[in-house]
Amino acid sequence: MPGLIQNMYVRVRHGNLVDRSQAPIEDYDARRKTFDGNIMISLPACGECPFCDWKCKSMKGSTWAMHMSRKHTTELGRSVDPYKCSQCDKKFCSRSHLNHHVANHHEVILQNCPDPACCYQGKNRASVVTHYMRKHLKEVIDRCEAVDGCVSCDRTGAVSVYHMGVCNPCSPFSN
């Protein structure tokens, strides 16, 4: 690892931007009095990742940070999958991924289709809306596809089935 980021500018957690050769990874931040192994690498002007062939096309710091935290956790001295599910022991690289997993696999409350003759149950509102549109209001989808947009709100271009379901007044999901 030191060879990969040698001669690069790095930011020691809660510290200043310093030359890598002057701040080896074993150093610690004097304000924290500890070193937890985490380092941050600032977005270079060229946008190229020092660890792989990826290039940050948007040149946004948030995109860079997401790439570094998700793809190069070990290179940055972090735990690979620090977020562990307490119910099935699966591990995730971010809390949002863990929350999504728990909501979709452990706290599932099935929602019924609003059509009384239908026995469909979906994990979330979006799946029920999409089901309802495809199975019970197919003619609305056909009309929207014929005009290449939404017939209810005059949105043009590609429109999702979910949008048709929440936008069309014939749907029980319309706002």
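In nm, what is the difference between 0.36 nm times the number of residues separating His105 and Ala126 and their Cα-Cα distance?
On the way: separation 21, 0.36 × 21 = 7.56 nm, distance 1.60 nm.
Length gained, His105 through Ala126: 6.0 nm.
Tell me, what HN-Hα J-couplings in whole Hz come from the Karplus equation 6.51 cos²θ - 1.76 cosθ + 1.60 at θ = phi - 60° for each residue of the stretch 105-116, using x for Gly and Pro?
Running phi through 6.51 cos²θ - 1.76 cosθ + 1.60 with θ = phi - 60° gives 10, 10, 10, 6, 10, 5, 10, 7, 5, x, 6, x Hz.
7 Å from Cα along Cα→Cβ at both Trp54 and Met66: what's the point-to-point distance in nm?
1.0 nm
Using a cut-off of 24 Å between alpha-carbon atoms, which lysines can reach Lys138, once sequence neighbours fewer than 8 places away in the same chain are excluded?
Correct list for Lys138: Lys123.
Can you compute 3J(HN,Hα) from phi for each residue in the stretch 162-173, using the Karplus curve 6.51 cos²θ - 1.76 cosθ + 1.60 with θ = phi - 60°, rounded to whole Hz and x for Gly and Pro?
4, 4, 4, x, 8, 9, 6, x, 6, 7, x, 9
Residues with amide H under 5 Å of Arg155's amide H, sequence separation 5 or more or different chain, H placed in the peptide plane at 1.01 Å from N; which?
Amide H to amide H, under 5 Å and 5 or more residues apart or across chains, Arg155 pairs with Cys150.
Read-outs throughout are calculated quantities, based only on the coordinates presented, and are distinct from any laboratory measurement. Please read these numbers as outputs of a predicted model, since none were measured by experiment. A quick note on method: Cβ atoms are made from the backbone with ideal geometry, for glycine too, and the neighbour counts reach across all protein chains shown.
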